[in-house]
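Here's the structure, in structure tokens; my notes come after.
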Amino acid sequence: MSKEMLNALDALEAEKGISKEIVIDALEAALVSAYKRHYGQAQNVEVEFDGKKGNIHVYAVKEVTEEVFDSQLEVSLKEAMEVNKAYEMGDKIRFEVTPKDFGRIAAQTAKQVILQRVREAERNIIYNEFSAYENDIMQGIVERQDRRYIYVNLGKIEAVLSKQDQMPNEFYQPHDRIKVYVSRVENTSKGPQVFVSRSHPDLLKRLFEQEIPEVYDGIVEIVSIAREAGDRSKVSVRSTDPNIDPVGTCVGPKGQRVQAIVNELKGENMDIVEWSEDPAVFISNALNPAQVVDVIFDPNNNKACTVVVPDYQLSLAIGKRGQNARLAAKLTGFKIDIKPESEMEAYYAELAENQETPEEEVHDEAIVASDMTADDYENVEFEEKTAEDEEQV
């Protein structure tokens, strides 16, 4: 176990990317375990691996004592001074105790422990590599599926795609190439586990970054996404450059940019709307393609509003099964109640009636009937009537 061992360690480091130091530590731990199993004790045993020659030495560490009670753990001062006269009470001395038949026994035990450490090291390497891809997009190949998952080959590891992360309009076949969003990476006892998704809203964001350079560079920013995977999505965008139209940039010439994303998502409809600081404008944009007449905010709830649309636009604003209104609410963060224009006429009339009118000033009849001016009225001194005056009247 000399040059062959060193060559094997070098090859392992080159092929697997596992540090030679990790394997040597595993080897030393394995040899201590093997010595303990076959020779009954290892509490004071140290194993040393020579990284230059590849030789292995086993040492028993003994303490110098005046009287020896356990020869495996202790050595007398007299014996210690025979080795070196500088030793004193309490010193630790290493004695080589490598058995002649230890190589064969140790090799069998060490092999199992080394393989285990190698597997752990490989798992850590894979975990560190794929944890860097968390919240990012990757391309994989569909391998197989069972009742719980679809297994996607990402190269060094097989990721799992659960049912809730699949798109309802897609059917996956072995050898299909698909782009997936890495939602999380876990380091479990059985090794790294990578979970991917096709329905996550951020998959849409990463696809926009891939297809649209302005989004990747941050010139056009995606503010929010509302998605019902496989059916329809709404994306609000804004531009940091006033000379760039964010919606037109994302759509691309003849819709080529957004069409590439739609094709990747197997025909999922895409609404790209411009974000606005004005909530009323943003809500109107979010309800696209419906026209909006007015947006009335609830004074008792700053995240609720009523949107007025023309009667003929009501079904378009609500959408099929309420989808357009639902996605607009998710996109804007507002609770949206959509009303037709005809129904709101009565609301406007009632609102006008309930508006408070200023109270009319009531003046003394005698003064109103007189020719007094406003200044004279301010200077009038009113006498208080007594009970006798009231009887005379």
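The values are calculated or read from the model by the stated rules, or taken from the named source; none is laboratory data. It should be emphasised that the depicted structure is a prediction, and the values quoted were computed from it without experimental measurement. All Cβ positions, glycine included, derive from the backbone under ideal geometry; neighbour counts span all protein chains shown. Just the protein is used for accessible areas: all its heavy atoms, side chains included, with ligands, DNA and RNA removed. Shrake-Rupley method; radii C 1.70, N 1.55, O 1.52, S 1.80 Å.
Structure notes:
- The set of residues in segment 142-163 that are over 17 Å from Asn128 (Cβ atoms) and in a loop (DSSP other than H, G, I, E, B) comprises Asp146, Arg147, Arg148.
- Boolean, Ala11 is at pLDDT 75 or above, under 22 Å from Asn128 (Cα atoms) and loosely packed, with under 14 Cβ neighbours inside 10 Å: yes
- Residues in segment 234-244 that are within 9 Å of Glu274 (Cα to Cα) and not hydroxyl-bearing (Ser, Thr, Tyr): Val235, Val237, Arg238.
- Residues of segment 164-177 include at least one that is farther than 19 Å from Lys205 by Cβ, part of a strand (DSSP E or B) and open to solvent by 20 Å² or more (accessible area, probe 1.4 Å).
- Reported count of residues in segment 271-291, each being under 18 Å from Val237 (Cβ atoms) and either open to solvent by 70 Å² or more (accessible area, probe 1.4 Å) or of a type outside the set (A, V, I, L, M) (or both), is 12.
- Residue pairs meeting the criteria (Cβ under 9 Å; at least 6 apart or on separate chains; first closer than 16 Å to Ala80 by Cβ and modelled with pLDDT under 70, in segment 91-115; second surrounded by 15 or more Cβ atoms within 10 Å (Cβ to Cβ) and among the basic types (Lys, Arg)): none
- Any hit, segment 370-390, residues being touching a Pro at 6+ places or on another chain (Cβ under 7 Å) and modelled with pLDDT under 90: no
- Selection within segment 292-309 - open to solvent by less than 60 Å² (accessible area, probe 1.4 Å) and either of a type outside the set (A, V, I, L, M, F, W, C) or touching a helix residue (DSSP H, G or I) at 6+ places or on another chain (Cβ under 9 Å) (or both): Val292, Asp294, Val295, Ile296, Cys305, Thr306, Val307, Val308, Val309
- Qualifying residue in segment 144-153 (condition: modelled with pLDDT of 90 or more, within 30 Å of Glu274 (Cβ to Cβ) and not assigned by the TED database to the domain that holds Gln256): no
- Residue within segment 206-228 that is modelled with pLDDT under 90 and either of a type in the set (D, E, K, R) or more than 20 Å from the chain's Cα centre (by Cα) (or both) present: no
- Within segment 280-298, residues that are closer than 22 Å to Arg227 by Cα reach partners that are open to solvent by 40 Å² or more (accessible area, probe 1.4 Å) and assigned to a helix (DSSP H, G or I) with beta carbons closer than 6 Å, at six or more positions or on different chains, in the pairs Ala290/Leu316.
- Residue that is buried (at least 17 other Cβ atoms within 10 Å of the Cβ), part of a strand (DSSP E or B), under 49 Å from the mean Cα position of the chain (by Cα) and at pLDDT 75 or above, where the choices are Val64, Val47, Val58: Val47
- Number of positions in segment 228-263 that are buried (at least 17 other Cβ atoms within 10 Å of the Cβ) and in a helix (DSSP H, G or I): 8
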